[in-house]
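Only one structure is covered here, and it is reproduced in the block below.
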Amino acid sequence: MAISQSEYTFLSILSQLSIFPENPTILEFGEQHWHGDVSLDDVKQDVDIFLPEKSQQIRQALSDLMQRQDDQKNFDMAKIVYRLFLDYHSLVAIDLHGTEHSLPLDLNYEISLDQKFDIAINFGTGEHVFNVYQFFKTIHEYIKPDGIMLHVMPFLGWMDHGFFNFQPTFYWDLAESNHYEVLAFLFIRGKEFLYLEDRQAVTSYLMALRLEPKKCSIVPSNAYIAMRKTDKPTDFQIPMQNFFQMTPEEYWSLSKKF
């Protein structure tokens, strides 16, 4: 899993929305490495904008990193980006194929950690876990009330990438069932992010694409979602798709022919 230009821009947008807690603890699902399609000059410029009080420190860390040739270099670059936008206190990564600093845990099963976290980051890991129920239950259980959950997962066009592509209804139904607040829901259209403010806006946008299929090219694209866990102390709830939250009679009426 890599932080590319898209994930970098997503973090930048969220930072500008001021949704992140101060000096958060982070639980990372899939240890991220740096993809390399954002110029270092752009990163340095953003350091001066988003974290000016630590600009000199981070610029020095970048300079030191560029002198290295080891295999862990790209993973440490990703953590500098997290520092830039999140200014985190500590980070725990779970990854079966990560560095020696990550925890090699199988996310198909329950895990045991000794703390809860302020932010969960799932940038392209959930689609590779067959037991999706346990994966999202684990996120729910290890994020503090008012904690932030970030998801970037396949939406359209990913051929044989992971087990699943996730549809917009999944996130909204997950949020509704577990009292999450959806803070941001974005797609990429061309080279630009498209921000959709609520579920109805997503539905309207997708319906418009169906009516004009030429505007809906099936190319590999992701959905970018930020949610906040509220302080309602509930256990993880399995979502039911919104479309089927109706009585049998209401459902039958949709297909009446005579």
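Data overview
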| item | result |
| --- | --- |
| Surrounding net charge for Ser112, when Lys and Arg each add one and Asp and Glu each subtract one, Cβ distance under 14 Å | -2 |
| Length-normalised contact order for the chain - Cα pairs under 8 Å, 6+ apart - percent | 19 percent |
| Theoretical FRET efficiency, 1/(1+(r/R0)^6), r = Cβ-Cβ of Leu62 and Gln115, R0 30 Å, to 0.05 | 0.55 |
| Listed values (1) 216; (2) 152; (3) 124, entry calculated as volume of the Cα convex hull per residue in Å³ | (2) |
| Two-decimal Rg/Rh across region 134-217, once Rg and the Kirkwood Rh are taken from alpha-carbon atoms | 0.98 |
| Filtered GluC sites (Glu not before Pro), region 1-56: DSSP coil and at most 13 other beta carbons within 10 Å | Glu22 |
| Shape category assigned to region 63-174 from the gyration tensor of Cα positions, a/c cut at 1.5 | prolate |
| Rounded tilt (10° steps) of 5-16 against the dominant C-alpha axis of the chain | 90 degrees |
| Cα→Cβ-extended label distance, 7 Å offset, between Thr247 and Gln167, nm | 2.5 nm |
| Theoretical ellipticity at 222 nm over the chain - DSSP helices of four or more residues, -39500 (n - 2.57) apiece, nearest 500 | -10500 deg cm²/dmol |
| Set Lys116/Lys137; Lys44/Lys79; Lys79/Lys191 screened for pairs whose C-alpha atoms are more than 21 Å apart | Lys79/Lys191 |
| Charge context of Lys54, other residues only, Cβ under 13 angstrom, K/R +1, D/E -1 | -1 |
| Degrees between helix 73-86 axis and first principal axis of the chain (Cα, 0 to 90, nearest 10) | 70 degrees |
| C-alpha long axis of helix 132-142 to longest principal axis of the chain, angle in ° | 60 degrees |
| Additional length obtainable on full extension of the chain from Thr99 to Asp37, 0.36 nm per residue less Cα span | 20.1 nm |
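Rule-based calculations on the coordinates, nothing more; no lab input. It should be emphasised that the depicted structure is a prediction, and the values quoted were computed from it without experimental measurement. Using ideal geometry, Cβ is built from the backbone for each residue, glycine included, and neighbour counts are taken over all protein chains shown.
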